[in-house]
Amino acid sequence: MTSAHAASTTELERDDEFWLKDGSVVLVAGNVGFKVYKDLLATHSPIFHDMFAQSRPDEQEMYDGCPVVHLSDAPCNLRHFLRALIHTVRPLFYRSDEDTKISIDELFAVAHLAHKYDVGELLRQALVCLKSYYTNRLDIWKQGGQAGNVPFETSDKDPLYAIGVVTLAHLTQTPYMLPLALYDCCYLGGRVVRGWTREDGTVEHLSLEDLERCMDGSTALATSALCSSIDLHASVEQAELCAHSKPARFGGGVPSTCEAAQAKIKSRLKTNKSSVMGTRALHSHMATASLSPIFAKMCSKCLATLQGRERATHEAVWAELPSLFNLSIPDWQTKTSS
Ligand SMILES: [Zn+2]
């Protein structure tokens, strides 16, 4: 953790944000110095506590009147970590919906350094934040994560950071984040092999075991998506429920608005097969931009029938998600709690 040879402090670049005049220790990461409060770090982190306690005053390297501690962390990561412990920009007690979302870089830097320096409460908060998306409950994911209602910045199109979530789930022994993180990894395609580049330039890769899970899972998810699409587009059989169907004596036999809409959707699918194959197994087929205006023309009863079918297939995929990735997650919620 501390480097064996003390790098020269004469070339030290003082951090703009964390050079506190009454600071009592200088942490050096790369060539950047952070003058902060020794006791505050020692109070929160047993690792820092022991590190400071072990340093011998007669051998202590000094800078600007403070003992110097060399760390192996990247300056950008340490800055994020210190921001969570020492609020220099603005105090923070409660994060409301109007607050800026936590960036992925910040979230991962805080989670990793909180784990490394054993700041339990900070690690817990970082994981609660991640678990608002990478949850074990389908209803929470649908209402929160999938809709973007989470406190950190997410990307529906390019969630390369899901690779980092897999790594972090293993590191912090939080296995229930794994199924959705691997689900996201499956839709990264071949890029999943190249890994995810963190803000500090390091590249995180999936282990061979997790890559194998992705490859097996991708096939199973593609099959599920196709099957659920076939189920969804089966005709709505209970025509008597349809608000648009006409009894025979009022001209029945003519296709209703709903039947016409279903026929239009099917013909659209024939000409654009990627809208079937491209739909992710847990994402709504009915909400895809090219199809949703046609679905919207159907009566509420037919629409409810189709939404019920889609919900049922999503619940079935969700229940199987851990096993699709050869995982056993004891606290995986297969029933939607009300
Ligand atoms: Zn209808």
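Read the figures in this text as sums done on the coordinates, not as results from a lab. Not measured: the values here are computed from a predicted model. Every residue, glycine among them, receives a Cβ derived from its backbone with ideal geometry; neighbour counts consider all protein chains shown.
Would you grab the residues whose amide H sits under 5 Å from the one on Ile102? Only those 5+ places off in sequence or on another chain, please, with H modelled 1.01 Å from N.
Excluding prolines and chain starts, which carry no amide H, the hits are Phe152, Glu153.
Among bridges DSSP assigns within the chain, what percent are antiparallel (round to 5)?
Once the DSSP bridges in the chain are tallied, antiparallel ones form about 55 percent.
If you place +1 on the Cβ of every Lys and Arg, -1 on the Cβ of every Asp and Glu, and leave all else neutral, what size is the dipole of the chain about its Cα centre, to the nearest 20 Debye?
The dipole magnitude comes to about 2140 debye.
Nearest 20 debye, what's the magnitude of the dipole of segment 97-206 about its Cα centre given +1 on Lys and Arg Cβ and -1 on Asp and Glu Cβ? Display every interim value, and only then the final one.
Working: 10 positive and 15 negative charges, 94 e Å.
My answer is approximately 460 debye.
Any idea how far the Cα center of segment 150-185 sits from the one of segment 257-312, in Å?
29
Below 8 Å between Cα atoms, with a sequence gap of 6+, how large is the relative contact order for the chain in percent?
Relative contact order, the chain: 13 percent.
Please work out how much length the chain gains when fully extended from His205 to Leu226, using 0.36 nm per residue of separation minus the C-alpha to C-alpha distance, in nm with one decimal.
Going from the current span to full extension adds 4.6 nm.
What Cys residues in the chain have no fellow cysteine's beta-carbon under 4.7 angstrom?
Unpaired cysteines in the chain: Cys66, Cys76, Cys129, Cys185, Cys186, Cys214, Cys227, Cys242, Cys299.
Could you sort 13-23, 66-76, 87-97, 109-119 so that the peptide with the highest average Cβ count within 10 Å comes first and the rest follow in order? Show your work: numbers first, answer last.
Numbers: 13-23: 13.5, 66-76: 18.5, 87-97: 8.0, 109-119: 21.9.
The packing order, highest mean first, is 109-119, 66-76, 13-23, 87-97.
At 0.36 nm per residue, and after removing the present C-alpha to C-alpha distance, how many nm does the segment from Val193 to Asp64 gain when stretched out fully?
41.8 nm
Take the alpha carbon gyration tensor of segment 97-206, find the square roots of its eigenvalues, order them as a ≥ b ≥ c, and report rounded if a/c is under 1.5; if not, report prolate when a/b exceeds b/c, else oblate.
rounded
How much net charge surrounds Val192 when only other residues with a Cβ under 14 Å from its Cβ are counted (Lys, Arg +1; Asp, Glu -1)?
Neighbourhood net charge equals -4.
Arranged by the count of other C-beta atoms within 10 angstrom, fewest first, what order do Trp141, Trp318 take?
Details: Trp141 21, Trp318 25.
By the 10 Å Cβ count, ascending: Trp141, Trp318.
In segment 130-173, which residues have a backbone nitrogen under 16 Å from the label point lying 7 Å from Arg311's Cα in the Cα-to-Cβ direction?
Within reach of a label on Arg311: 138-144.
Among the listed pairs Lys157/Lys270; Lys131/Lys273; Lys157/Lys335; Lys101/Lys264; Lys101/Lys266; Lys21/Lys131, which have their C-alpha atoms separated by more than 30 angstrom in this model? Please list the in-between numbers first.
On the way: Lys157/Lys270 25 Å; Lys131/Lys273 34 Å; Lys157/Lys335 28 Å; Lys101/Lys264 40 Å; Lys101/Lys266 40 Å; Lys21/Lys131 38 Å.
In this structure, Lys131/Lys273; Lys101/Lys264; Lys101/Lys266; Lys21/Lys131 lie more than 30 Å apart at Cα.
Obtain the nm distance between the two label points defined at Asp50 and Asp118 by a simple spin-label model: each point lies 7 Å from its Cα along the Cα-to-C-beta direction.
0.5
Checking the a/c ratio against 1.5 first, then a/b against b/c, what shape does the Cα gyration tensor give for the chain?
prolate
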